[in-house]
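A.B. asks: Got a structure for you, written out below as C-alpha cells; questions coming shortly.
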Amino acid sequence: MGKKKEKKVKGAEKTAVKMEKKISKRSKREEEDLEALIAEFQSLDAKKTQVVETACPPPSPRLNASLSPHPEKDELILFGGEFFNGKKTYLYNDLFFYNIKKDTWVKSDIPNPPPPRCAHQAVVVPQGGGQLWVCGGEFASPDGEQFYHYKDLWVLHLATSTWENIKVPGGPSGRSGHRMVLSKRQLLLFGGFHESTRDFIYYNDIYAFSLDSFSWSRLSPSGTGPSPRSACQMTSTPESTGVIIYGGYSKARAKKDVEKGTIHSDMFLLKREEKDGKEKWAWSRVNAAGNKPPPRSSFSLAVGSGGRAVLFGGVCDEEDEETLEGDFYNDLYLYDMAKNRWFPGQLRGNKSQKKKSRRGKKGGAEGEGLGEEEGEAASAPQGPTEVIKEIVAEDGTVMTITEVIPGTRVVEEDEEEEEDDDESSACAPLVEPCPRSSAMATVRSGKLFVYGGMFEVGDRQFTLNDFYCLDLHKMDRWEVLVEMDPKTQEWLGESDSEGDEEEEEEEGEEAAGGGDEEAAGGGDEEEEESEESDDEEDAKEHPPVQDGEVLVDYQTRTEQYWTGLARANMGPDSKDKKVAKVGLAMAKVFYERPVV
C-alpha cells in the first residue's frame, strides 16, 4: 500500500510539472506583451531621483494591497493594490504611511520602486533599521484580459527610504495569492497560483529565503501537506519553530471544461527540527478545537499578540454552470495557537451597556415592575441586529449594505459593576465594517486595522476605501477612521444589451448631426435643461408618493414595481433576496428625494 501511495504522489508531482511547463509556453506570448507595458511604468518611475513625502488624504479605493505594521514606529505601511470600475483595471505601486497617533497619511514617492501589482506578499523585519520585503504578485492589462505574475523580490529599507531589487536564483516561479511570513531569520513562502487567459495552476510548494545569506532554497518536508491552493491563512508559530496553514482556495476543470472552485477548511503545521546538525521540516495535520469559521475565501488575516491569528470577512461563492453568487462576511474569528482552538471574535459592547445588563440580571431598579416575560427578555442576551444601509453612488447606483450589530453578552452575577467613565459612549451605537472580501488587515499595538476591500451587488463590484480599527484587548467596538465615500463608488460596466442600445443611439445621433460642429459642440444650457426635464419625466414615470403616505406604506404599495426595476438593473441571475433589498432601497431614495 505504501509503495502504491508513493507512486501516486510522484505521478501527481510529474503531472503538476508538465502542467506548469504547458502553461509557461502558452502564457509566454501574453506575458511578453505585458512586460512591455510594465517596462513603460518602470521607465517613468526611473525618472524620479529624489524621495518626496507628501501629506495626503487616505489612499484611493483598492483591494489586494498589503498593509503592514512598521517594525519600529507607530505606523502602518500600505503598498500597491488594484481597482476595477467595470471597464478598466488599475494596478498601483504607490506607497503610503499611516501615523496611528496623529491619524494622518503620508504618500512617499521613492525612486525605482517595484512595478505596479496586487495579490503580492509583504513582510516587515526589524533588521537594518526596519525593512519591508515584497515578493511576487500580479499585473493585469487595463482590459483585464491578460495577466502577468511576478517572481521578483524587493526590499524597502525604511531607515534610508530606498528600494532594492534582490536578484538571486532558485526562487519560486511567478505567482500571486501566495503567502509569506517571517520565521526566525527566514522568509517562508507557500502556495499561490498562476493564471493566463486559457490555463491556470495552483501550487503547494514551499520556499525559504535566508535573510543572512540572501539565498532561496526549496524545502522538501516529510509527511503529507496541504493540497495546492492560494489565499490561505499562514502564521508563524510563537516560538518560530514553523508555520500553521489554514484554508485557502483552488479551482479545477470539471466536466465539459467547466471550472469548479473549492474552498478549503483544513489545517496543517509545518515544523522545523534540528537533526544531526541539519534543518529538517515535516508536515502534520492539525485538528483544532472550538468554533471554526464557516467556509469562505478571500478573507483577511493578521497576527496579534500572544500567538493569536485574526481572520476577518471573506466571501463564500455559490457556483453552478452559469452563475456565480457570493455571500460576503464581516465577522471575526480568532485562532489561539497555544491552545489550538478557534473562537468567534464577538464585540462586548461599551461599559454602560454592560452595567445595564448586570442590573437587569440582578433585578435592580430597572428590572422592578417588569412582567415575568419582560424581565426575562431584559436579562437575556440580545441577539445580533441586522441594520440595512442604502448608499447612492455618484452614478445613481443604489448599494444596499447589511451591517450586523452584535448582541450584548450575558455577564455573570459575581462580576463587579464598573463605572462608566465615558458618558458619550452610552449613546454610541456599535458599528462594524460592511461585509467584504480581499480587504487589507494588520495588527499594531494590540489593535486590528482593516482597510478597503470589495463587495458585489448583482453584477457590479464596489471597491472600498473605508478604514476601521478594533482594540483586540477590549473587543468593545469598531472605531471608524475613514468612512466610505459613496462618490468613490464608480461603476462603468454594463450588460451587453445595454451597450448595444447605447451604440445604436450614438450612431443615430451622429447620423442626425450631419457633422455640424457648432450644433454638436454648443448648447450647454440646452443640454442642462434637457437633463433636468429628463429627470422630471423619470420622476413622473415612477409611482408617485400619495399625500400623507409614510415610507413603509409606500414601499409596500410599490414593492412590485421597484423590485422589477432592480431586477432589470442587476440582471436575471441575481438572487431574489438581494434584488428585493435593492428594490426597497430604490423606493426609499425616491420617497426621500427633494421635491422641486
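The values are calculated or read from the model by the stated rules, or taken from the named source; none is laboratory data. Every value quoted in this text rests on a predicted model; they were computed, and no experiment measured them. Because the Cβ atoms are built from the backbone with ideal geometry, glycine has one as well, and the counts that use them run over all protein chains shown. Just the protein is used for accessible areas: all its heavy atoms, side chains included, with ligands, DNA and RNA removed. Shrake-Rupley method; radii C 1.70, N 1.55, O 1.52, S 1.80 Å.
A.B. asks: Identify all residues within the range 437-473 that are charged (D, E, K, R) and within 12 Å of the chain's Cα centre (by Cα); write none if there are none. Please lay out each step first, then the result.
C.D. replies: Applying the first criterion (charged (D, E, K, R)) to the range 437-473 yields 444, 447, 456, 459-460, 466, 471.
Glu456, Asp466 - these are the residues of the range 437-473 that are charged (D, E, K, R) and within 12 Å of the chain's Cα centre (by Cα).
A.B. asks: Take the residues in the range 298-307 that are hydroxyl-bearing (Ser, Thr, Tyr) and open to solvent by 10 Å² or more (accessible area, probe 1.4 Å), then tell me which one is nearest to Asp471 (Cα to Cα). Break it down stepwise before answering.
C.D. replies: Of the residues in the range 298-307, the ones hydroxyl-bearing (Ser, Thr, Tyr) are 298, 300, 305.
Among the residues that remain, those that are also open to solvent by 10 Å² or more (accessible area, probe 1.4 Å) are: 298, 305.
Working: Ser298: 23, Ser305: 12 Å.
Result: Ser305.
A.B. asks: Return a yes/no flag: does the range 153-172 have any residue that is open to solvent by 10 Å² or more (accessible area, probe 1.4 Å), in contact with a Phe, Trp or Tyr (Cβ under 8 Å, 6 or more places away or on another chain), of a type in the set (D, E, K, R) and not in a helix (DSSP H, G or I).
C.D. replies: So far as the range 153-172 goes, yes, one or more of its residues are open to solvent by 10 Å² or more (accessible area, probe 1.4 Å), in contact with a Phe, Trp or Tyr (Cβ under 8 Å, 6 or more places away or on another chain), of a type in the set (D, E, K, R) and not in a helix (DSSP H, G or I).
A.B. asks: Further, regarding this structure: Find the residue count for the range 276-291, including only residues that are in contact with a Pro (Cβ under 6 Å, 6 or more places away or on another chain) and of a type outside the set (A, V, I, L, M).
C.D. replies: Within the range 276-291, the subset in contact with a Pro (Cβ under 6 Å, 6 or more places away or on another chain) is 281-283, 291.
Add one more test, that the residue is of a type outside the set (A, V, I, L, M), and what stays is 281, 283, 291.
Residues that pass the stated criteria total 3.
A.B. asks: Also, quick follow-up: Under 6 Å between Cβ atoms, which residue pairs at least 6 apart in sequence (or on different chains) link something in the range 571-596 that is open to solvent by 50 Å² or more (accessible area, probe 1.4 Å) and modelled with pLDDT of 70 or more with a partner that is outside any loop (DSSP other than H, G, I, E, B) and of a type in the set (D, E, K, R)?
C.D. replies: Lys575/Glu325; Lys588/Glu390
A.B. asks: A further question on this structure: If a residue has to be more than 21 Å from Leu95 (Cβ to Cβ), touching a Phe, Trp or Tyr at 6+ places or on another chain (Cβ under 9 Å) and assigned to a strand (DSSP E or B) to count, how many in the range 182-209 make the cut? Walk me through how you get there before you give the answer.
C.D. replies: Keep residues of the range 182-209 that are more than 21 Å from Leu95 (Cβ to Cβ), which gives 183-186, 188-209.
Next cut, touching a Phe, Trp or Tyr at 6+ places or on another chain (Cβ under 9 Å) only: 186, 188-197, 200-209.
From the residues that got through so far, the ones that are assigned to a strand (DSSP E or B) too are 186, 188-195, 200-209.
Going through the range 182-209 one residue at a time, the tally reaches 19.
A.B. asks: Would you point out the residue of the range 480-505, among those that are touching a Gly at 6+ places or on another chain (Cβ under 9 Å), open to solvent by 60 Å² or more (accessible area, probe 1.4 Å) and modelled with pLDDT of 75 or more, that is farthest from Phe467 (Cα to Cα)?
C.D. replies: Filtering the range 480-505 for residues touching a Gly at 6+ places or on another chain (Cβ under 9 Å) gives 490-495.
Checking which are open to solvent by 60 Å² or more (accessible area, probe 1.4 Å) leaves us with 490, 492, 494.
When the remaining residues are screened for being modelled with pLDDT of 75 or more, the result is 490, 492.
Details: Glu490: 19, Leu492: 24 Å.
By that ranking, first place goes to Leu492.
A.B. asks: Which ones in the range 242-262 are more than 17 Å from Tyr335 (Cβ to Cβ) and touching a Lys or Arg at 6+ places or on another chain (Cβ under 9 Å)?
C.D. replies: Going through the range 242-262, the residues more than 17 Å from Tyr335 (Cβ to Cβ) turn out to be 249-262.
Residues satisfying the conditions are Tyr249, Ser250, Lys251, Ala252, Arg253, Ala254, Glu259, Lys260, Gly261, Thr262.
A.B. asks: Based on this model, can you work out whether Ser183 counts as at pLDDT 95 or above, within 25 Å of Leu269 (Cα to Cα) and of a type in the set (Ser, Thr, Tyr)? Talk me through it step by step, then tell me what you get.
C.D. replies: On the way: at pLDDT 95 or above: no; within 25 Å of Leu269 (Cα to Cα): yes; of a type in the set (Ser, Thr, Tyr): yes.
In short, no.
A.B. asks: Of the numbered conditions (1) closer than 25 Å to Met440 by Cβ; (2) of a type in the set (Asp, Glu); (3) at pLDDT below 95, Asp94 satisfies every one except a single condition; which is it?
C.D. replies: If we test Asp94 against (1) closer than 25 Å to Met440 by Cβ; (2) of a type in the set (Asp, Glu); (3) at pLDDT below 95, just (3) comes out false.
A.B. asks: Within the range 299-338, track down each residue that is within 18 Å of Asp266 (Cβ to Cβ), assigned to a loop (DSSP other than H, G, I, E, B) and at pLDDT below 95.
C.D. replies: Met337
A.B. asks: What are the pairs with Cβ atoms under 7 angstrom where one residue, in the range 31-54, is on the phi < 0 side of the Ramachandran plot and the other, located anywhere, is surrounded by 13 or more Cβ atoms within 10 Å (Cβ to Cβ) and of a type in the set (Lys, Arg)? Sequence gap at least six, or different chains.
C.D. replies: Thr54/Lys107
A.B. asks: Can you name the residue in the range 261-289 that is surrounded by fewer than 12 Cβ atoms within 10 Å (Cβ to Cβ) and over 18 Å from Met337 (Cβ atoms) and, of all such residues, is nearest to the chain's Cα centre (by Cα)? Talk me through it step by step, then tell me what you get.
C.D. replies: Within the range 261-289, the first condition is being surrounded by fewer than 12 Cβ atoms within 10 Å (Cβ to Cβ), and the residues that meet it are 274-278, 287, 289.
Okay, now just the ones that are also over 18 Å from Met337 (Cβ atoms), so 274-278.
Working: Glu274: 38, Lys275: 41, Asp276: 44, Gly277: 43, Lys278: 40 Å.
Only one residue fits best here, namely Glu274.
A.B. asks: Answer yes if at least one residue in the range 124-135 is open to solvent by 40 Å² or more (accessible area, probe 1.4 Å) and over 30 Å from Gly307 (Cα atoms), and no otherwise.
C.D. replies: Among the residues of the range 124-135, not one is open to solvent by 40 Å² or more (accessible area, probe 1.4 Å) and over 30 Å from Gly307 (Cα atoms), which makes the answer no.
A.B. asks: Can you tell me which of (1) in contact (Cβ under 8 Å) with a residue 60 or more places away in the chain; (2) polar (S, T, N, Q); (3) closer than 20 Å to Phe462 by Cβ is the one Asn112 doesn't meet?
C.D. replies: (3) is the only condition that Asn112 fails.
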